[in-house]
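In what follows, a structure is listed as structure tokens, so that the remarks can point back to it.
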Amino acid sequence: MTATERVRGTRVAPRSARPEPAAVRPVAHVAVDLSLAHLDRPFDYLVPEAMAAAAQPGVRVRVRFAGQVVDGFVLERAEASEHQGRLAFLHKIVSAESVLSREVAALARTVADRYAGTLPDVLRLAVPPRHARVEVAATTSPVQDSTAVDDPRERSPGGHWAPYPGGPALLDALRAGGAPRAIVTMLPGDGWPVALAQAAGATLEGGRGVLLVAPDGRDVDRLGAALTGVLGSGRHVVLTAGLGPAERYRRFLAIRRGQVRVVVGTRAAMFAPVADLGLVGVWDDGDDLHAEPRAPYPHVREVLALRSAQTGAGLIVAGHACTAEGAHLVASGWARAVTAPRGDVRRLAPRVEVAGDDAELARDPAARTARLPALAWRTAHEALTRGPVLVQVPRRGYVPALACQACRAPARCLQCQGPLGSGSTQTVPSCRWCAALAGAWECPHCGARRLRAAVVGAGRTAEELGRAFPRVRVRTSGRDGVLASVGSEPALVVATPGAEPVAEGGYAAALLLDGWALLTRPDLRATEEALRRWLGAATLVRPAGDGGRVVVLADPSSVAVQALLRWDPVTFAERELAERAALRLPPAARMASLTGGPDALLRFVATAGLSEVAELLGPVPARPTATCPDAERLIVRVPRSQGRELAASLRAAAGVRSAHKESGSVRVQVDPLEIA
């Protein structure tokens, strides 16, 4: 019996018209790169004998599908197929390089199911595009890490974990091949990169690989420098989307080929094919940069938790703040909390104070112009004699939000209803959505024509502080240019959240302005996000024993402000989790956001066949787009135990829509980061 005859149910054409199938495992299960939800499954193809050696699991291939030649990955080879019809042959082997590991393929399937997405969408995130020249060059070209400094002082074993009860034991478990799962609330200060690097070193000593993910390039650079100090040069590789296609693919191949076993990167690295994974870690999991903006919108923390569960690797979720999701992992018993004693926290934290309202503005006219209460003015004035002062401003730009001068109603575009903003005193206000100019704006509520600043951005704040402190240098760090670090000389550093540069020797003080703008955002995570951003800035300030002070301008009664005063993010996260559980909000419940036209939403929900426990919230108007001007959003909420069934129902509904070629589109986001 020939290999062709062994393929069950396959009708074989004359030998002259078709090539001979491979003698061993002639069937290839292929993940075809198709965006249609109803085709989200492997398809079987015959492997020609001429391709038998190259068509191994993980290689890129091209196959014929519905009259077109499309890309795909070989998932595995088999002796027979369940398909009862005629099988086509593989059209072409794109490359003999196996770029999709079995572990990443299984993870991608799990992530697609978790987020009601498709496998091809996840694989596009997991495997970078091919560069043929890089494949040849990478065979002989060694991979170097992005740092060049090797500091032996950082190699002291376990030093940065010693203050944490259970910290040294965590390192011992990683070194011994264990899989500890920890939610770590780091001490104030800049020791977190070395702590994570030492955890990576312990895992590497145990003969296993490491994957660490940070939210942005600055954090990756700091973590990379710490890894060089702990492991030595050339022992890790940095993987970020900003590397460029060729360089990213070169580093990806080095990881896939096992040339390097420690990887650090941004969100793009969460699917890195690290061999024999022993530790996955994420820094500052509350940062919204960890949420993938492309379908199916996975979150780094969730993906790494899935990898930990599937591979038996350890997991570290670390940050100066603690999210409700982290508290939920601890409360469920799936992970354990690792925190330092209160005495160490008080010793390393700066002194935090709350400024009063506008009635307490400093007497100096310049201070009033800069919107500085007396406490903030005195703190900045005194601290500038000892070093730099950080000023955190919630919004970028000059005046990102305007309001009516008479009635204080938010100023909106007369064309699309988007918010109006201003780039400087010399520019005409314009819409932040459609960019339409609003030179002849008139308030629809009271008829007034004058505008005032509703929110002042970093650019305007820097200008005002320059007048308030005329002999002090003012530097800015934000979207238009992020500073990695500043010196120890006196200066005012105005930064937006997440763009705060590290100061040599720490900041003498920090002013956290316009706290109300963070606390009053119409978002489920507004209070949690405010505390996370405040802690991120405050931890850059010198300890209270060295004169470090932080002044926050916000409502003193806010639970986030009280948590900052006590420097107690864990209790705050536990309280936040309890409140969300009482209100049936994530992470205590599972939610899905459905966005599309009214008719499309109705058909989608009807097709999904949601369970009786599913609760529908909405629909409500959503932000219009060019393809859907009447967009609406519908929230589906279920108990957490029903999360898997919800995702399966949504996937099935998307499959029916694509199979029937229904008009309109519905965007599905499971557990969206923002729920306004």
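The values are calculated or read from the model by the stated rules, or taken from the named source; none is laboratory data. What you are looking at is a predicted structure, and each value in this text was computed from that prediction instead of being measured. Backbone-built Cβ (ideal geometry, glycine too); neighbour counts: all protein chains shown. Surface areas here come from the heavy atoms of the whole protein model, side chains and all, with no ligands, DNA or RNA. Shrake-Rupley method; radii C 1.70, N 1.55, O 1.52, S 1.80 Å.
Identify the trypsin sites (Lys or Arg not before Pro) of region 216-323 meeting these criteria: DSSP loop state and at most 11 other C-beta atoms within 10 Å of the C-beta.
Within region 216-323, the qualifying trypsin sites (Lys or Arg not before Pro) (loop, at most 11 other Cβ atoms within 10 Å) are 294.
Taking the charge dipole of the chain about its Cα centre, with +1 at Lys and Arg Cβ atoms and -1 at Asp and Glu Cβ atoms, the residue from 502, 485, 123 reaching farthest to the positive side is 123.
What whole-number value in Å² describes the accessible area per residue of region 464-538 for a 1.4 Å probe? Each step should come with its number before you reach the end.
Values: 2890 Å² over 75 residues.
Averaged over the residues of region 464-538, the accessible area is 38 Å².
Evaluated at 4 °C with a viscosity of 1.567 mPa s, what Stokes-Einstein diffusion coefficient in µm²/s does region 21-137 have when Rh comes from the Kirkwood expression over alpha-carbon pairs? So the translational diffusion coefficient is about 89 µm²/s.
Multiply the residue separation of residue 50 and residue 288 by 0.36 nm, subtract the distance between their alpha-carbon atoms, and state the gained length in nm to one decimal. Numbers along the way, then the final one.
Numbers: separation 238, 0.36 × 238 = 85.68 nm, distance 4.82 nm.
That pair, residue 50 and residue 288, stretches by 80.9 nm at full extension.
Its DSSP H runs of at least 4 residues, each contributing -39,500 (n - 2.57), put the calculated 222 nm mean residue ellipticity of the chain at -9000 deg cm²/dmol, to the nearest 500. In this simple spin-label approximation, residue 674 and residue 176 carry label points 7 Å from Cα along the Cα→Cβ vector, and these lie 4.6 nm apart.
Semi-axes, largest first, in whole Å: what does sqrt of 5 times each Cα gyration tensor eigenvalue give for region 544-676? List each step's numbers first, then the result.
Working: eigenvalues 309, 68, 26 Å².
Semi-axes, largest first: 39, 18, 11 Å.
Multiply the residue gap between residue 405 and residue 344 by 0.36 nm, knock off their C-alpha separation, and tell me the result in nm, one decimal place.
Details: separation 61, 0.36 × 61 = 21.96 nm, distance 4.91 nm.
Residue separation times 0.36 nm, minus the Cα-Cα distance, leaves 17.1 nm.
A Förster radius of 30 Å, combined with the Cβ-Cβ distance separating residue 467 from residue 565, puts the computed FRET efficiency at roughly 0.45. Between residue 124 and residue 24, how many nm apart are label points set 7 Å from Cα along the C-beta direction? Modelled inter-label distance: 3.7 nm. Structural descriptor for region 144-302: relative contact order 28 percent, calculated from alpha carbon pairs under 8 angstrom and at least 6 residues apart.
Projecting the Cα atoms of 520, 53, 617 onto the charge dipole of the chain (Cβ charges, centred on the Cα centre) puts 53 farthest toward the positive pole. Note on the chain: dipole from Cβ charges, positive end direction compared against 448, 547, 185; the farthest Cα belongs to 448. What you get for region 253-324, charging only the Cβ of Lys and Arg (+1) and of Asp and Glu (-1), is a dipole of about 380 debye around the Cα centre.
Charges were assigned to the Cβ only: +1 to each Lys and Arg, -1 to each Asp and Glu. The resulting dipole of the chain about its Cα centre is roughly 920 debye. Using C-alpha pairs under 8 Å with a sequence gap of at least 6, the mean separation divided by the residue count of the chain gives a relative contact order of 12 percent.
Go ahead and run the numbers for FRET between residue 437 and residue 259, Cβ-Cβ distance against an R0 of 45 Å, rounding to 0.05. Once rounded, the FRET efficiency stands at 0.25.
Hey, for a label at residue 617 modelled as a point 7 Å past Cα toward Cβ, could you say which residues of region 496-533 have their backbone N under 18 Å away? Those under the cut-off are 520-529. For residue 489, the shell of other residues with beta-carbons less than 10 Å away shows a net charge of 0, using +1 for Lys and Arg and -1 for Asp and Glu. Where both bridge residues fall in the chain, DSSP classifies roughly 50% of the beta bridges as antiparallel.
Alpha carbon centre of region 599-659 versus region 503-562: separation in Å? Computed from Cα coordinates, the inter-centre distance equals 38 Å. Placing +1 on each Lys and Arg Cβ and -1 on each Asp and Glu Cβ, with no other charges, gives region 199-283 a dipole about its Cα centre of roughly 240 debye.
One quarter of the convex hull surface, Cα atoms only: what value does that give for the chain in nm²?
Details: hull surface 134.1 nm².
Mean shadow area of the hull around the Cα atoms is 33.5 nm².
Surface analysis of region 259-353 yields an accessible area of 32 Å² per residue, using protein heavy atoms and a 1.4 Å probe. What a 1.4 Å probe finds exposed on the chain is 52% carbon and sulfur by accessible area, rounded to a whole percent. Using the Cβ-Cβ distance between residue 133 and residue 169 with R0 set to 60 Å, the FRET efficiency works out to roughly 0.80.
In region 185-310, the ratio of gyration radius to Kirkwood radius, Rg to Rh, stands at 0.93 when only Cα atoms are counted.
Between residue 526 and residue 599, what length in nm is gained on full extension when 0.36 nm per residue of separation is reduced by their alpha carbon distance? Mind showing how you got there, number by number?
Details: separation 73, 0.36 × 73 = 26.28 nm, distance 3.19 nm.
The span from residue 526 to residue 599 would gain 23.1 nm if fully extended.
Projecting label points 7 angstrom from Cα along Cα→Cβ for residue 95 and residue 78 puts them 2.8 nm apart.
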